[in-house]
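Following: one structure in C-alpha cells, then a few remarks.
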Amino acid sequence: MEKQNPGKATCLVVVVGPTAVGKTDLCVQLAKHYNTVIVSADSRQFYKEMTIGTAKPSQQEQQGVPHYFVDSHSITEEYNAGAYEQDVLQLLDKLFQEHELVILTGGSGLYVQAVCEGMDAMPDASPETRDQLTKLYEQQGLAPLLHQLQQLDPVYYDQVDRANPQRVMRALEVCQVSGKPYSWFRRQERPERPFQIIKIGLTRNRQELYQRIDQRMDQMLQQGLLEEVKTLYHYREHNALQTVGYKEIFDFMDGRTDWEETVRLLKRNSRRYAKRQLTWFNKTPEYTWFEPGQWQQILAFIDQTLEQKS
C-alpha cells in the first residue's frame, strides 16, 4: 500500500458520520493506504461486554489494521469524555512517533470534540445534586428539567439535544453547582493541539441510510443481540447502556413492550439517533462531506489538504 510522503507534519484525520453510514470500511481502507492505525471515538465500543449492539468491527472487518479504544474497558468501569481526551492525547504522542498520519473515527460527537478541541474545565456535581435531578427525571420526565434549563441557561437550551436526559441533567448540575450557565464554561478558550486536524464527514441519501440501519438491526438481532443484553441487565443503569439498542430490550425484559414493538422501536430509535448525529456534526463547519463511495475524491482532499498545511 502507498505510504504518506516523508517530511509532513503530523496529522489527525477525523472521519465522522451517522451509524451504519460506512465509517469502518472506509477508515480501514484509508489506514491501509496510508500505512497507519485507527483510534475509535465510539463511546460504546470501548466496552468489552458490548459487541453486537455497538456494531463493533470484527477482526475480519479490521483487516489487520490496529484499532485503539475498541474493547479497551469493562462495563464495570466508569469512563467519560474528559478521561478519554487525556488518554487519546497520550496515545497520539506515541503513535505520531511512528506515523505521520493517524485516523480518528466514530459517531460520538462529544468524544471527537474532546480530542480535537478539548473538554471544558467544568465543576463536578455533588452526588446529592445528581440524585435530586435523577429522581425528578424518573418521577416527572424531561419536561421539568428542560424548563429549569431554559430558565438557567437559555443559550444552551437552544443547542442541547432535548431528547437526551444525560446532557440536560449534566448542564443543570453545572448550573446549580457553579451558579453560572453551562454555556459560560463552553465558551472558554480552546487549547492548541500539536498536530494538524483534517475533518471529514460521511453521509448518504437519507432513504438509503435508513434502509442500512434497518438491515443492520435485523442482523444484530440474528447475531444474538437479545442474549447480549440479557448478560448486561445487572449494569443497565450504566450510561453506556442508556442508549439505542439496549434500553429498548431492557424495556422488553421488564414487560413494558412486546417483541414486535421492541423491534419496531429499535429500528425507529436507531434512525432517530442517526439524525441527531448528523445534526451534531453539521453544526461544525470544519467538516468536508463525502459519500463513502467517493474514494478518489476523499484521497485527493486529504492529500491536497496535507500539501496546503505542510
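Among the residues of region 296-305, the ones that are in contact (Cβ under 8 Å) with a residue 60 or more places away in the chain and surrounded by fewer than 14 Cβ atoms within 10 Å (Cβ to Cβ) come to 0 in all.
Results for (1) in the same structural domain as LEU92 (by TED's automatic domain parsing); (2) over 30 Å from TYR68 (Cβ atoms); (3) of a type in the set (A, V, I, L, M, F, W, C), shown as yes or no for each residue.
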| site | (1), (2), (3) |
| --- | --- |
| LEU110 | yes, no, yes |
| GLN113 | yes, no, no |
| GLY141 | no, yes, no |
| LEU146 | no, yes, yes |
| ARG162 | no, yes, no |
| GLY179 | no, yes, no |
| ARG193 | yes, no, no |
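Within region 9-19, the residues that satisfy the criterion of being surrounded by fewer than 24 Cβ atoms within 10 Å (Cβ to Cβ) and not in a strand (DSSP E or B) are ALA9, THR10, THR19.
Take the conditions crowded, with 19+ Cβ neighbours inside 10 Å, part of a loop (DSSP other than H, G, I, E, B), under 23 Å from the mean Cα position of the chain (by Cα) and not hydroxyl-bearing (Ser, Thr, Tyr) and apply them to ARG162. Does it pass?
no
From the list LEU104, LEU110, LEU26, LEU30, the one residue that fits, being touching a residue at least 40 places away in the same chain (Cβ under 8 Å) and either farther than 23 Å from PHE281 by Cβ or surrounded by fewer than 22 Cβ atoms within 10 Å (Cβ to Cβ) (or both), is LEU110.
Scanning region 196-247 for residues that are small (Gly, Ala, Ser) and at pLDDT 95 or above, which turns out nearest to THR134 (Cα to Cα)? Of everything passing the filter in region 196-247, GLY245 is nearest to THR134 (Cα to Cα). Residues in region 88-100: is at least one modelled with pLDDT under 95 and surrounded by fewer than 16 Cβ atoms within 10 Å (Cβ to Cβ)? Looking through region 88-100, none of the residues is modelled with pLDDT under 95 and surrounded by fewer than 16 Cβ atoms within 10 Å (Cβ to Cβ).
Any residue at all in region 209-224 that's in contact (Cβ under 8 Å) with a residue 40 or more places away in the chain and basic (Lys, Arg)? Yes, because at least one residue in region 209-224 is in contact (Cβ under 8 Å) with a residue 40 or more places away in the chain and basic (Lys, Arg).
Please find, within region 281-297, the residue that is modelled with the highest pLDDT out of those that are in a helix (DSSP H, G or I) and touching a strand residue (DSSP E or B) at 6+ places or on another chain (Cβ under 9 Å). Don't jump to the end; show me each part of the working.
Going residue by residue through region 281-297, those that are in a helix (DSSP H, G or I) are 281-282, 295-297.
Filter again for touching a strand residue (DSSP E or B) at 6+ places or on another chain (Cβ under 9 Å), leaving 281-282, 297.
Values: PHE281: 92, ASN282: 91, GLN297: 98.
So, considering only residues that are in a helix (DSSP H, G or I) and touching a strand residue (DSSP E or B) at 6+ places or on another chain (Cβ under 9 Å), the one modelled with the highest pLDDT is GLN297.
Residues considered: ILE75, ILE103, ILE52. Of these, the only one that is in contact with a strand residue (DSSP E or B) (Cβ under 7 Å, 6 or more places away or on another chain), in a loop (DSSP other than H, G, I, E, B) and assigned by TED's automatic domain parsing to the domain that holds LEU232 is ILE75.
Sort through TYR47, TYR84 and tell me the only one that's farther than 27 Å from GLU286 by Cβ, assigned by TED's automatic domain parsing to the domain that holds GLN296, under 16 Å from the mean Cα position of the chain (by Cα) and crowded, with 20+ Cβ neighbours inside 10 Å. On inspection, the qualifying residue turns out to be TYR47.
Kindly provide the set of residues from region 29-49 that are touching a strand residue (DSSP E or B) at 6+ places or on another chain (Cβ under 7 Å), outside any loop (DSSP other than H, G, I, E, B) and within 23 Å of LEU12 (Cβ to Cβ), ordered by number. Correct list: LEU30, ALA31, ILE38, VAL39, SER40.
Contact annotation: residue pairs with Cβ atoms under 8 Å, 6 or more positions apart or on different chains, pairing a residue in region 52-81 that is under 22 Å from TYR246 (Cβ atoms) with a partner that is hydrophobic (A, V, I, L, M, F, W, C) and modelled with pLDDT under 95, are ILE75/ALA240; ILE75/LEU241; ALA81/LEU110; ALA81/ALA114; ALA81/MET119. Just so you know, in region 106-140 the residues that are charged (D, E, K, R) and not in a helix (DSSP H, G or I) include one that is nearest to ILE298 (Cα to Cα), and it is ASP120. Could you tell me whether ARG190 is buried (at least 16 other Cβ atoms within 10 Å of the Cβ) and within 21 Å of the chain's Cα centre (by Cα)? Judged against the criteria, ARG190 is not a match. Return the total of residues in region 277-290 being surrounded by fewer than 17 Cβ atoms within 10 Å (Cβ to Cβ) and farther than 18 Å from GLN196 by Cα. Residues meeting the conditions: 4.
With the requirement that a residue be of a type in the set (Phe, Trp, Tyr) and crowded, with 16+ Cβ neighbours inside 10 Å, what does region 205-263 give you?
Hits for region 205-263 are TYR210, TYR235, TYR246, PHE250, PHE252.
The values are calculated or read from the model by the stated rules, or taken from the named source; none is laboratory data. In this text, all values refer to a predicted model and were calculated from it rather than measured experimentally. We place every Cβ from the backbone using ideal geometry, glycine too, and count neighbours over all the protein chains shown.
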